[in-house]
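Q: Pasting in a structure now, in structure tokens, and then I'll have a few things to ask.
The values are calculated or read from the model by the stated rules, or taken from the named source; none is laboratory data. Model, not experiment: these values are computed from the prediction. Cβ atoms come from the backbone with ideal geometry, glycine included; neighbour counts cover every protein chain shown.
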Amino acid sequence: MSTNLRINGKRLVSRLAELSRIGATPEGGCRRLALSDEDKQGRDWLVGQMQALGLTVKIDAIGNIVGILKGQEDGPAVVMGSHIDTVGTGGRFDGALGVIAGVEVLAALRDAGLQPKRDMAVIAFTNEEGARFHPDMLGSYVWAGGMSVAAAHAEKDADGAVLGTELARIGYHGPEQPGFLPAYAYLELHIEQGPILESEGGGLGAVTGIQGICWLELTLKGRPSHAGTTPMRYRKDPGLAAARINIFANELTRTIPGQLANSGVIRVQPGNVNVVPETVVMTLDLRNPLDAPLAEAEAAVRKFCAELSARDDIAISFRDLARFPATPFAEELIASVEASAAEFGLPIRRMISGAGHDAQMMSRLCPTAMVFIPSIGGLSHNPAELSTDEDMVAGANVLLSAAWRAANA
Ligand code: HGY
Ligand code: MN
Ligand code: MN
Ligand code: MN
């Protein structure tokens, strides 16, 4: 690795600021829900940046945006990437940093007049967040062959909008087959989105893998009745059942090591103050670094629901929204990330990722690793999400070094 190779920090920071203005929210964050008008604006801006850089830009049938820098030899590419879609109360860094840093790495190589042995590429994957369409990491999941284009196109959001129609509406139903670019290695720079690095005095994270994820949607049906005249023993209240399920899932996190549980969506129908609800739709986000305890937690939730349903005469049905196993990354690439940090004299420590990332899917195709930078206050999926320019530059330099090493191995 030519040690004087650096990214252009000013350009990285200013490009991120530019993208952050697209879908900017009054609270200082970003809202670019997948395939929304704001997502389209962000996509158009990114394609423009890639074209200005002289990359070959290709769009695939699920809307993944691929910018390619030709190498000296044909063959599998070293791929960097992440996503530019956000959750509804998103920040400026989640996903965007990885895409912008990937573009910056290729710009730095161009500035240095360096052509890698292998092709290098940066990909912005569609619908990583899963905030609008399910599952999350959908674009990279299709890219990795985990889901067909047709099945992905048929996905609907909570308002019934169809993914394939939205993709065409914003002009990103591309001609390429997802996965068209074989990958030699995949590297993703991302904010940690949690408090660990900051609480340990900063430094970078060499990510060793991603925990398992299970997203469930539960539909609970009771009997709507008058909240004043109906004695408690006569009620069939799915709202109460949903609360019990949420508490049960939370209690599991005290008994199953490493278990996490969150109920992020609770929709009550008819939603009137004086009506015992008829229907409740709720979600559970269960995660664990290990697959066996995650399966144990899901089985316990399903058993609890079956018993609750029989006892309280509430119909409970399940729908899988996402289910991804715990994913270990490639040792040689993790070590390369650590070696790159050492080149720059940057402190780095190994850690697992609590959040899902496109790297979880790319690891099905090629050796994969991630670099984390600290999240101030450990906040993410929150407009106050923040990382320092210094850490962004440090992370992007490590990405450059590790990607360049892989591209010439
Ligand atoms: O939920 C996740 O972990 C990811 O950010 N979509
Ligand atoms: Mn992300
Ligand atoms: Mn996210
Ligand atoms: Mn993510």
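Q: Only one residue in Leu365, Leu294, Leu333 is outside the structural domain of Ile84 (by TED's automatic domain parsing) and not hydroxyl-bearing (Ser, Thr, Tyr). Which one?
A: Leu294
Q: Criterion first (more than 12 Å from ligand 2 (Cβ to nearest atom) and either assigned by TED's automatic domain parsing to the domain that holds Asp37 or charged (D, E, K, R) (or both)) does Leu97 satisfy it?
A: Answer is no for this residue.
Q: Do you know which of the residues in region 129-172 that are within 18 Å of Asp37 (Cβ to Cβ) and touching an Asp or Glu at 6+ places or on another chain (Cβ under 6 Å) is nearest to ligand 4 (Cβ to nearest atom)?
A: Glu129
Q: Same structure again: I'm trying to understand the selection: among the residues of region 122-168, which are closer than 21 Å to Gly42 by Cα and either of a type in the set (D, E, K, R) or in a strand (DSSP E or B) (or both)?
A: Within region 122-168, Val122, Ile123, Ala124, Phe125, Glu128, Glu129, Arg132, Asp136, Asp157, Val162, Glu166 meet the criteria.
Q: Can you tell which of Val99, Val105 is more than 16 Å from ligand 3 (Cβ to nearest atom), among the hydrophobic types (A, V, I, L, M, F, W, C) and not in a loop (DSSP other than H, G, I, E, B)?
A: After applying the criteria, what remains is Val105.
Q: Based on this model, can you work out whether Arg287 counts as under 16 Å from Pro238 (Cβ atoms), modelled with pLDDT of 95 or more and not β-branched (Val, Ile, Thr)?
A: Answer is no for this residue.
Q: Given the condition part of a helix (DSSP H, G or I), of a type in the set (Asp, Glu) and within 16 Å of ligand 1 (Cβ to nearest atom), answer yes or no: does some residue in region 338-345 qualify?
A: no
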